[in-house]
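Notes for the one structure printed next.
The values are calculated or read from the model by the stated rules, or taken from the named source; none is laboratory data. Small disclaimer: the values here were computed from a predicted structure and weren't measured. No Cβ is skipped: glycine too gets one built from the backbone with ideal geometry, and neighbour counts run over all protein chains shown. Just the protein is used for accessible areas: all its heavy atoms, side chains included, with ligands, DNA and RNA removed. Shrake-Rupley method; radii C 1.70, N 1.55, O 1.52, S 1.80 Å.
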Amino acid sequence: VTNGGKTTLTKRIIKALPNCCVVHQDDFFKPQDQIEVGEDGFKQWDVLDSLDMEAMVSTVRAWIENPVKFARSHGVNVTPGSKEPASKDIHILVIEGFLLYNYKPLIDLFDIRYYLAVPYDECKRRRSTRNYTVPDPPGLFDGHVWPMYLKHRKEMEDSGVDV
């Protein structure tokens, strides 16, 4: 859900945990001129087609292949582990976004899944206080954002994603 606290929680997690990296789905939006206008008259930012999901999956796979190299290339300090021979450093990747559970190739890469939800009134209040690079046109929340959230949430629930 938009403005549900995902980024706020993610920031707190990566501050609290060593060797923790993050991949934000928002970093994978396609350029504005590639975002289609839907039948509802609004730019379709709230659909998978607005995101380069293949690039996101590749980014997550790069972390899986070498979390230390990934962390260093993203400016994350890597904390050395114990000197014990059997010890293994623990590395954590937090993947944050609003359509994570609607893209099967990404779902298959997760070890643990969490889903944050907020009620309609709170979501609308939070959204109204945000300043976006592309400002929300009048009626966007009720005419597009919230209906798309409900649609994608139902798809996720119907697909049986374990969150």
message: Taking the criterion of being open to solvent by less than 60 Å² (accessible area, probe 1.4 Å), closer than 30 Å to Glu122 by Cβ, touching a residue at least 60 places away in the same chain (Cβ under 8 Å) and of a type outside the set (Val, Ile, Thr), would at least one residue in region 54-75 satisfy it?
response: no
query: Just to be sure, is Gly160 more than 21 Å from Phe29 (Cβ to Cβ) and either open to solvent by less than 80 Å² (accessible area, probe 1.4 Å) or in contact with a Leu (Cβ under 7 Å, 6 or more places away or on another chain) (or both)?
result: yes
query: For Lys88, are the conditions met, namely being closer than 25 Å to Arg61 by Cβ and at pLDDT below 95?
result: yes
task: Determine whether Ile90 is surrounded by fewer than 18 Cβ atoms within 10 Å (Cβ to Cβ) and among the hydrophobic types (A, V, I, L, M, F, W, C).
output: yes
task: Please work out which residue is surrounded by the fewest Cβ atoms within 10 Å (Cβ to Cβ), limiting yourself to region 1-46 and to residues that are among the hydroxyl-bearing types (Ser, Thr, Tyr) and touching a residue at least 24 places away in the same chain (Cβ under 8 Å).
output: Thr7
query: Under 6 Å by Cβ, and 6 or more places apart or on different chains, what pairs join a residue from region 139-163 that is farther than 19 Å from Asp121 by Cα with one that is not in a helix (DSSP H, G or I)?
result: Val163/Arg113; Val163/Tyr115
field: Residues that are in a strand (DSSP E or B) and of a type in the set (A, V, I, L, M), drawn from region 31-44
entry: Val37
